[in-house]
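Inspection log for the structure reproduced underneath, given as structure tokens.
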Amino acid sequence: MAFDTSKQVYESEATGWQRGLYDDLTTTFRAPVVNWFFRTLMANQPEFLRYAWGQLKPEFETRAFARYEVEYRDTVVSILEDHGIPTYNPASTKTAPAEFREARGQMVTLDTMMPRLSFTFELLDRALSDEPIGESPTDDWEATAPFPNLGREVGQPVTMIPFEDVPESLAETVDSIQAYHGFDSGLPTIYRSLAQWPSLLETMWDDLEPVLESEAFEAACDESWNLAAEHVSSLSYTPRLSPSDLGDIGLSIEDISDLQGLANQFRHGPVETVLPAVTLYAATLGATGPRRLG
């Protein structure tokens, strides 16, 4: 049976080991949010998620991952800085100062998540397709040293407006966003968050749509995913997430096929442009994290 991607286990609903896993995930990711990808896995394949998180967690706890994280962010921002990145304040977006601070705080959280999600989607897609991961492990100190204190700002929990409640005044903006990213319906998290402040989202989209359609942004997308792929290849600890590994823990051929489909959707669908776009949006609000290791 295919995944029912409308099913999710929200943080407020999780109990027992599921609550503990969510707490561990947010602590390890250093962001106060459980992404939709993990919530739908918990609803559809909880035992897979429990096993997979045990395999994945060590990958986020090395200095090598911190190096990848700052390189990811710096690469996207550096490419687009040459093209021009607008900066905003409450007055320029007709947003109340308190609302602007909230929007910015949520963007800090989303910016924290993007390198982690890119890496997760790249790794799972390759592992579940029985492609090599960790085939070229690095041998430097950073490969196994602990994740450092990057000293980045702590973001705010991400809240989102239901898609059906997006104001009618944003209808044209929503249509353009969906067409650009390739969504037949709905909106990804970043836009449902920003839609809570319609004038902010409208201003940002009007200014950033030409940037997103530029060759510079295409290059930023390519380079950000290349960095994720390079880090997957260089892992010092190799998670056991191949189809045969999942068969060994009792998953059926049908279960594995469904997981392969989900991983492929998240690696090769609209997310290819959405994740780098979040870094761009964060930059306009001064919400991006460190771009160098201290």
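The values are calculated or read from the model by the stated rules, or taken from the named source; none is laboratory data. This is a predicted model, so every value here is computed, not measured. Note that we place each Cβ from the backbone using ideal geometry, even for glycine, and neighbour counts take in every protein chain shown. Only protein heavy atoms, including side chains, enter the accessible area calculation; ligands, DNA and RNA are left aside. Shrake-Rupley method; radii C 1.70, N 1.55, O 1.52, S 1.80 Å.
What do you reckon, is ILE190 crowded, with 21+ Cβ neighbours inside 10 Å, touching a residue at least 60 places away in the same chain (Cβ under 8 Å), in contact with a helix residue (DSSP H, G or I) (Cβ under 6 Å, 6 or more places away or on another chain) and assigned to a helix (DSSP H, G or I)? First the steps, then the outcome.
Working: crowded, with 21+ Cβ neighbours inside 10 Å: yes; touching a residue at least 60 places away in the same chain (Cβ under 8 Å): yes; in contact with a helix residue (DSSP H, G or I) (Cβ under 6 Å, 6 or more places away or on another chain): yes; assigned to a helix (DSSP H, G or I): yes.
When the stated conditions are applied, ILE190 passes them.
Checking SER176 against (1) closer than 25 Å to ILE85 by Cβ; (2) touching a helix residue (DSSP H, G or I) at 6+ places or on another chain (Cβ under 8 Å); (3) open to solvent by 60 Å² or more (accessible area, probe 1.4 Å): exactly one of these is not met. Which one?
Unmet for SER176, out of (1) closer than 25 Å to ILE85 by Cβ; (2) touching a helix residue (DSSP H, G or I) at 6+ places or on another chain (Cβ under 8 Å); (3) open to solvent by 60 Å² or more (accessible area, probe 1.4 Å): (3).
So which of THR26, THR15, THR62 is modelled with pLDDT of 95 or more, over 19 Å from ASP255 (Cβ atoms) and open to solvent by 60 Å² or more (accessible area, probe 1.4 Å)?
Values: THR26 fails: open to solvent by 60 Å² or more (accessible area, probe 1.4 Å); THR62 fails: open to solvent by 60 Å² or more (accessible area, probe 1.4 Å).
When all the criteria are applied, what remains is THR15.
For the stretch 120-141, give me the residue count where each residue is buried (at least 17 other Cβ atoms within 10 Å of the Cβ) and assigned to a helix (DSSP H, G or I).
9
For the stretch 252-270, does any single residue satisfy the condition of being β-branched (Val, Ile, Thr), free of Cβ contacts under 8 Å to residues at least 60 places away in the same chain and farther than 18 Å from MET113 by Cα?
Of the stretch 252-270, the ones β-branched (Val, Ile, Thr) are 253, 256.
Add one more test, that the residue is free of Cβ contacts under 8 Å to residues at least 60 places away in the same chain, and what stays is 253.
From the residues that got through so far, the ones that are farther than 18 Å from MET113 by Cα too are 253.
Yes.
Which condition breaks for ASP82 when tested against (1) over 24 Å from THR203 (Cβ atoms); (2) modelled with pLDDT under 95?
Checking ASP82 against (1) over 24 Å from THR203 (Cβ atoms); (2) modelled with pLDDT under 95, the one that fails is (1).
Could you list, in sequence order, the residues of the stretch 232-266 that are open to solvent by 60 Å² or more (accessible area, probe 1.4 Å), within 16 Å of ASP4 (Cβ to Cβ) and of a type in the set (D, E, K, R)?
GLU254
Of all residues in the stretch 193-217, how many are without any contact (Cβ under 8 Å) to a residue 60 or more places away in the chain and either touching a helix residue (DSSP H, G or I) at 6+ places or on another chain (Cβ under 9 Å) or open to solvent by less than 50 Å² (accessible area, probe 1.4 Å) (or both)?
Just the residues of the stretch 193-217 that are without any contact (Cβ under 8 Å) to a residue 60 or more places away in the chain, to begin with: 195, 198, 201-202, 205-206, 209-210, 213, 215.
Those left that are additionally either touching a helix residue (DSSP H, G or I) at 6+ places or on another chain (Cβ under 9 Å) or open to solvent by less than 50 Å² (accessible area, probe 1.4 Å) (or both): 195, 198, 201-202, 205-206, 209, 213.
So the count comes out to 8.
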